[in-house]
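Encoded as structure tokens, the structure appears first; notes follow it.
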């Protein structure tokens, strides 16, 4: 076994071949693509966009704008054709369909010879993460621990709601390497490559105790389309602010640094390659003025 930090990406014969995955507006993807096109010698090449929502996302529009192919696999239609009315991992049938959907996606992506993927607002959990590294943008500070565990985890607006109910005064975006999952919590367990600047929380006159009461009154299962209550509405508004002040700041430079081979790991730790060589880190804090490694 090799000694010392081993880069996650060791592409040397060609720029890393990247697929960007998106489910919605694609604004995160656009920021990456704009900086990629503007760069004089980018360390990666975007070879395709990927979407699970071809009829509702902006993937095709963005693909046309940047002259990129779009791989589309409608997950809702896939589940319906498999006899399942809800896209879910909560049942054995749903989990089986997810693996079949992922297998179909693998076949669609095979021709692109992808070196790594970027989940730039991609909703479905998928074990395509076991095929090549996948960077995932997450609306929560995954360095924030409670009881020794990452606390601001989960899907949809859950990380933001947890931050609000925890009484925090700011939010951050994390970029992690998404890992294969066995249950829905596993997707937030990967190495934290980057952290955005803080984005302030503004509850517009609401008190966290009022919002905790809302949580207590919620049904056990999140309805299709969301809860629609005051807490969720506040969280959605903050998610949009976090996208601009967090995602757009941290995600593009992490993609560039990852493609340039600046992240590595050994059996236990994460490393970042600075001017003096490899530094053992907890994460890297990115801002408009650059990257600042945070020690373990």
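Please treat every number below as a calculation from the coordinates, not as lab data. Just so we're clear, the structure is a prediction, and the values are computed from it rather than from any experiment. Counting neighbours? That spans all protein chains shown, and the Cβs are built from the backbone with ideal geometry, glycine included.
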Report summary line: With label points set 7 Å from each Cα along the Cα-to-Cβ direction at residue 236 and residue 76, the distance between them in nm comes to 1.5 nm
Query raised in the report: Which distance in nm do the two modelled labels at residue 145 and residue 215 give, with both placed 7 Å along the Cα-to-Cβ direction?
Result: 2.1 nm
Report task. Between residue 66 and residue 156, with labels modelled 7 Å along Cα→Cβ, what's the label distance in nm to one decimal, could you check? Result -> 2.8 nm
Query - Calculated FRET efficiency for the pair residue 45/residue 86, C-beta based, R₀ 41 Å, to 0.05 - result: 0.65
Report summary line: Ordering 160-167, 140-147 by per-residue average of other C-beta atoms within 10 angstrom, highest first, gives 160-167, 140-147
Report summary line: Footprinting proxy, 122, 44, 256: sorted fewest to most Cβ within 10 Å, the residues are 256, 44, 122
Requested in this report: Find how many whole Å separate the alpha carbon centroid of the stretch 1-77 from the alpha carbon centroid of the stretch 229-259.
Outcome: 17 Å
Report task. Could you line up 273, 98, 106 from fewest to most neighbouring Cβ atoms inside 10 Å? Result -> 106, 273, 98
Query raised in the report: Can you give the calculated 222 nm mean residue ellipticity of the chain, where each DSSP H run of n ≥ 4 adds -39,500 (n - 2.57) and the sum is split over every residue, rounded to the nearest 500 deg cm²/dmol?
Result: -8500 deg cm²/dmol
Requested in this report: Determine, for 134, 206, 84, the number of other Cβ atoms within 10 Å of each Cβ, and report the residues in order from fewest to most.
Outcome: 206, 84, 134
